[in-house]
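The values are calculated or read from the model by the stated rules, or taken from the named source; none is laboratory data. Keep in mind that this is a model prediction, so the values were computed, not measured. All Cβ positions, even for glycine, are placed from backbone atoms using ideal geometry, and neighbour counts span all protein chains on display. We work out accessible area using only protein heavy atoms, side chains counted, and drop any ligands, DNA or RNA first. Shrake-Rupley method; radii C 1.70, N 1.55, O 1.52, S 1.80 Å.
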Amino acid sequence: MLRPARALSVAAIAALLTLTTLFTASSANAAGVNYVALGDSYSAGVGAGSYLSDSGSCKRSTNAYPYLWKNAHSPSSFSFVACSGARTGDVLNQISALSSSTTLVSLSVGGNDAGFADTMKTCVLDSDSACLSAVSAAQSYARNTLPAQLDKVYSAIHAKAPNAHVVVLGYPHLYKIGGSCILGIGDTKRAAINGAADALDDVIAKRVANAGFSFGDVRSIFTEHEICGSLTTWLNSTTLPVDESYHPKAAGQSGGYLPVFTQS
């Protein structure tokens, strides 16, 4: 009767030792991460407040998902170079922060190339037809011109940081269609803007897959947190300063982008 008990005890000890080893390895891996955060305003944290004084017009926020991840995981090194207004060409300049020792990279880019800011301005200030025309032009750019630009960025990242796990974050729907908003633009414009986000995300996801990187799709996690959604809004509507309009608030960075990045 004692032999099975002894065998069970040995197995339990072995399992405990294995778990201890796994936890130790996990801690070691976290401590050995060299993380570089690239990208545009959605990665810089524009709209989330608490901007780093040395970031100037790039408006890098301590509430942005890269900074929050850094605080939670204490990587060996952290370089935060994402910048408001960045296009694919700007990200090509940002990759000077990468090296062969970089093990983790995050970025969001493409929205500015496709004319996100100008499209939103048209949709807010002009007619439905003008908005639909601007969205159509943005979608055409995303589908026909942006893929080659993204490929160039992703290829450059791989060449500069061949050992890195690269996570490319997408863009959320800005509006809840048929939502709780009474004022503001109508559902025709809102649906068109969301459609533009879908077109952009679809293009990015395909190019990311071809590059062998990971795509972080934030559309689902932002559901009901969009402008006019039934839950706490994670996105700024038209606001001042105007460059923070239609960008994630601090809650959108911590509740939306951070968990998607962490799980990607």
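Counting only Cα atoms, the size of the range 205-264 along its three principal axes is 38, 24, 17 Å, in decreasing order.
Computing FRET efficiency as 1/(1 + (r/R0)^6) for Asp243 and Ser77, where r is the C-beta to C-beta distance and R0 is 45 Å, gives about 0.95. Rounded to the nearest 20, the size of the Cβ-charge dipole of the chain about its Cα centre is 880 debye, with Lys and Arg at +1 and Asp and Glu at -1. Phi-derived couplings, Karplus 6.51 cos²θ - 1.76 cosθ + 1.60 at θ = phi - 60°, listed residue by residue for the range 213-228: 9, 9, 9, x, 8, 9, 4, 5, 5, 7, 4, 6, 9, 6, 4, 6 Hz, with x used for Gly and Pro.
In the chain, taking the dipole from charged Cβ atoms about the Cα centre, the farthest positive-side position among Gln139, Ala117, Asn63 is held by Asn63.
Per residue, the solvent-accessible area of the chain (1.4 Å probe, heavy atoms of protein chains only, all protein chains present) comes to 47 Å². Within the accessible surface of the range 108-166, defined with a 1.4 Å probe on protein heavy atoms only, the carbon and sulfur portion equals 51 percent. Label points 7 Å out from Cα along the Cβ direction at Asn144 and Gln263: separation in nm? For the pair Asn144/Gln263, the computed spacing is 3.7 nm.
Of the residues Val91, Val36, Ile193, the one whose Cα sits farthest toward the positive end of the charge dipole of the chain, with +1 on the Cβ of Lys and Arg and -1 on the Cβ of Asp and Glu, is Val36. For the range 162-264, a crude dipole built from +1 on the beta carbon of Lys and Arg and -1 on the beta carbon of Asp and Glu, taken about the Cα centre, is about 60 debye to the nearest 20. Against the empirical 2.2 N^0.38 Å (N residues), the chain has a Cα radius of gyration ratio of 1.17.
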